[in-house]
1. Give, as residue ranges, the strands (runs of 3 or more DSSP E) completely inside the range C:141-252 that count at least 3 residues that are within 25 Å of C:V21 (Cβ to Cβ) and out of contact with any Gly (no Cβ under 9 Å at 6 or more places or on another chain).
2. Hey, can you tell me all the residues within the range C:127-160 that are more than 20 Å from the chain's Cα centre (by Cα) and closer than 21 Å to C:K112 by Cβ?
3. Select from the range B:108-127 the residues that are away from chain A (no Cβ under 13 Å) and either under 20 Å from B:G33 (Cα atoms) or basic (K, R) (or both) and list them in ascending order.
4. Considering only the range C:112-135, state which residues are farther than 16 Å from C:E180 by Cβ, assigned to a loop (DSSP other than H, G, I, E, B) and within 14 Å of chain A (Cβ to nearest Cβ).
5. Mind checking which residues of the range A:130-154 are over 30 Å from A:I26 (Cβ atoms), of a type outside the set (S, T, N, Q) and at the interface with chain C (Cβ under 7 Å from one of its Cβ atoms)?
6. How many residues are in contact (Cβ under 8 Å) with a residue 24 or more places away in the chain, closer than 23 Å to C:N30 by Cβ and aliphatic (A, V, I, L, M) when one looks only at the range C:40-83?
7. Quick one: which residue in A:Y12, A:Y58, A:Y46, A:Y6 is of a type outside the set (A, V, I, L, M, F, W, C) and farther than 29 Å from A:C168 by Cα?
8. Looking at this structure, is B:I27 more than 30 Å from B:K132 (Cβ to Cβ) and crowded, with 18+ Cβ neighbours inside 10 Å?
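The values are calculated or read from the model by the stated rules, or taken from the named source; none is laboratory data. Since we're looking at a predicted model, the values are computed, not measured. Because the Cβ atoms are built from the backbone with ideal geometry, glycine has one as well, and the counts that use them run over all protein chains shown.
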Amino acid sequence: MEEWLYIQTEVYPALLKGFWVSLELILPSAICGLVIGILVGVLRVYGSRPVMAAANAYVALFRGIPLVVQLFIWYFGLPYIGIYLSPFTAAVLGFALCSGAYHSEYIRGALLSIKRGQMLAAQSLGFHKVQMIFSIILPQAIRLALPGCGNEIIYLIKYSSLAYMITCIELTGQGKILASNSFKYTEVFLMIGACYLVMTSVAALILGRLEDRLRLPGFEHHRI
Amino acid sequence: MPGSLIAIGDALPYLLRGSLVTLIVVIGAMGLGLVLGVPLAVGQVYGHPALRRVIAVYVWFFRGIPLLVLLFLFYFGLCTALDINLSAFAVAIVVLGLISSAYQSQIFRGAILSLPEGQFKAARALGMSDLKAISVIILPQAIRLSVPGWSNEYSILLKDSAVTYALGVAEIMARAHFVATRTYQQLPLYFAAGVIFLILTWVGTKGLRLLEEKVRIPGYSTHGL
Amino acid sequence: MMPAPILRIENISKRYGKKDVLQGASLEVNKGDLKILIGPSGAGKSTLLQCINFLVKPDEGRIWLDEQEVHYAHKRDLYAYRQKVGMIFQDFNLFDHLNALENVRIGMVKVKGMGKAEAGERAVMELERVGLGDHMQQYPAQLSGGQKQRVSIARALAMDPKVLLLDEPTSALDPELIGEVHAVIRDLGNNGMTMIMATHQIGFARSLASEIIFMEDGRILERGTPDKIFNHAENARTRGFCSKITELYGER
């Protein structure tokens with residue numbers, strides 16, 4: 001009985017609050033990350049040489065350095081040069097830049113896998129470059145990149161928990177506070193884990209649906 | 001600028017000792033992930049439907065929950081509740097290893113499924129039992145095909161190991177933060193930590209690529225998995 | 001007086017590294033002509049066709065369409081010119097993410113700026129013309145090779161080209177599918193379409209070509225009516241090639 005009361009009055013409101021903060025972190029990060037990823041991916045394939053080199057360097061850096069380190073640089077490091085970000089801003093910035101680098105890998109791979117003939121055919125019809133990229137290349141590339149980018153979004157959901165480490169109190173942070181107060185670590189973290197499982201599973205479901213909707217003959221993926 | 005260089009220079013030996021801790025965590029976790037991942041994959045491909053179900057739930061659980069939450073759950077929760085006395089360092093290896101086993105099982109599973117069916121048939125035709133066919137014919141090929149997946153897994157584990165700082169494991173990140181908050185040279189020290197991680201990633205993936213070359217069978221492409 | 005040629009090509013050359021793949025090819029095409037390029041692989045037939053459409057940029061040479069010189073360095077001129085010169089590829093190059101109807105429609109909508117409905121009607125018409133009225137909703141992956149090539153012809157025709165370039169349109173097809181594509185091309189020829197086509201199908205070339213052009217090593221060695229090329233060729237190489245290919249592909 002006492003347990004139930006504890007859950008109702010303490011756990012539930014705290015987790016709900018944390019859940020919303022998590023969502024507020026994940027959604028803009030996912031959207032900005034995708035936009036960055038598509039842009040950088042396109043630049044890495046079609047950009048001029050220096051642009052390509054810069055984009056490649058960005059990707060190597062942001063994929064090679066652990067996300068925790070990146071978050072620490074944005075939140076604890078930037079004040080060193082006089083820039084102060086809120087934990088929330090630093091987290092979104094860190095997530096978007098990092099996942100953008102990963103997305104760009106999938107976009108780049110997809111762009112490169114599109115046969116040259118597709119471009120020749122578009123050119124022979126009189127398409128100019130930008131038209132060709134937007135109406136022929138990207139629609140195909142996005143379909144090919146979708147499973148990878150989808151996975152990346154699921155990773156982002158999980159990695160959003162790292163915002164706690166730069167004092168942005170989202171779902172994991174709320175859990176930590178609750179658990180430290182009540183010493184019910186196992187119960188609380190199992191509940192938190194369940195919340196993330198729901199989020200990742202729902203996201204996987206939605207992404208799967210999206211893949212099905214965009215599926216065309218000749219673009220089937222064999223999911224492992 | 002000189003101040004920051006001095007700070008990095010002073011902290012470097014300390015940080016490098018941290019990279020040893022990081023590497024032990026990563027290698028331990030990879031090993032555990034391999035030892036658990038192979039049977040999980042075999043079970044998921046060839047096992048009884050009920051077993052496949054159980055493995056699928058295991059994989060779903062460890063792939064769906066953030067590392068940080070699992071670290072907290074195991075270290076603060078389960079270890080206390082079950083009265084197991086494990087150091088943060090050990091818990092870090094176990095949790096990363098369990099997560100990695102879930103991912104590695106999927107790498108192996110993909111590799112096994114990509115082998116032509118004829119391999120199994122031919123082994124059976126020679127009179128091998130199923131278990132023998134799997135261990136003598138299927139696994140040696142599947143493991144070769146999994147090396148590129150491993151190199152990916154290594155760099156993921158390396159980066160994830162920085163999260164174990166949350167439990168107080170004295171790896172690179174923890175040490176960089178420790179020095180940073182005392183010297184107020186945050187940016188340079190986090191950069192230094194980042195560079196060490198970049199180097200470790202680079203060295204590790206290079207090493208695994210060499211391994212890949214070494215175990216390669218002529219006519220066997222290990223790319224594109 | 002002879003009417004001015006619709007397409008004039010002068011002295012087109014292309015080299016890759018040290019290899020001359022095309023050495024000073026010149027060609028005049030009148031309205032309604034069907035010029036057929038023959039020659040061994042590597043002769044430069046495909047490069048010549050791609051140069052005519054500037055899909056490969058020639059190192060030298062000039063091209064006139066309707067007595068207007070094409071300034072391909074000017075993007076706008078180039079795009080406008082390409083709309084008027086259709087290209088059919090050996091491996092079809094249908095847009096894989098679009099169904100047959102959308103493949104035919106997209107050029108009209110995106111390049112010519114036509115409305116979707118109007119372009120759609122025209123696309124239906126073109127697809128019916130090549131006998132694919134029943135396959136409009138199918139994606140490239142669901143079509144046979146012959147059907148794909150017919151869609152690609154419809155796609156080119158929908159742009160109202162003045163000249164159609166065909167780069168071995170049947171060489172990626174199974175033998176039993178060649179006929180359906182040839183029938184479409186024959187039909188186009190009978191309706192006065194101007195075409196330049198590279199092919200190994202000697203029988204087809206013989207029965208339809210207004211002129212046959214024999215190429216080897218990046219040069220045009222000989223040209224003339226089918227009768228001249230196949231029966232009274234002046235050049236020994238031409239005779240050699242023709243007898244070999246007639247043996248291989250037979251009379252048809």
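1. Numbers: elements: C:163-167, C:194-198, C:211-216, C:219-224.
The strands (runs of 3 or more DSSP E) meeting that bar are C:219-224.
2. Once the filter is applied, which keeps residues that are more than 20 Å from the chain's Cα centre (by Cα) and closer than 21 Å to C:K112 by Cβ, the range C:127-160 yields C:E128, C:M136.
3. Looking only at the range B:108-127, we keep the residues that are away from chain A (no Cβ under 13 Å), and these are B:115-127.
Hits for the range B:108-127 are B:K121, B:R124.
4. C:K112, C:G113, C:M114
5. Here is the first cut: in the range A:130-154, the residues over 30 Å from A:I26 (Cβ atoms) are A:130-132, A:135-136.
Narrowing the set further to residues that are of a type outside the set (S, T, N, Q) leaves A:130, A:132, A:136.
If the condition is that a residue be over 30 Å from A:I26 (Cβ atoms), of a type outside the set (S, T, N, Q) and at the interface with chain C (Cβ under 7 Å from one of its Cβ atoms), then A:I136 is the only one that fits.
6. Residues in the range C:40-83 being in contact (Cβ under 8 Å) with a residue 24 or more places away in the chain, closer than 23 Å to C:N30 by Cβ and aliphatic (A, V, I, L, M): 5 in total.
7. A:Y46
8. Answer is no for this residue.
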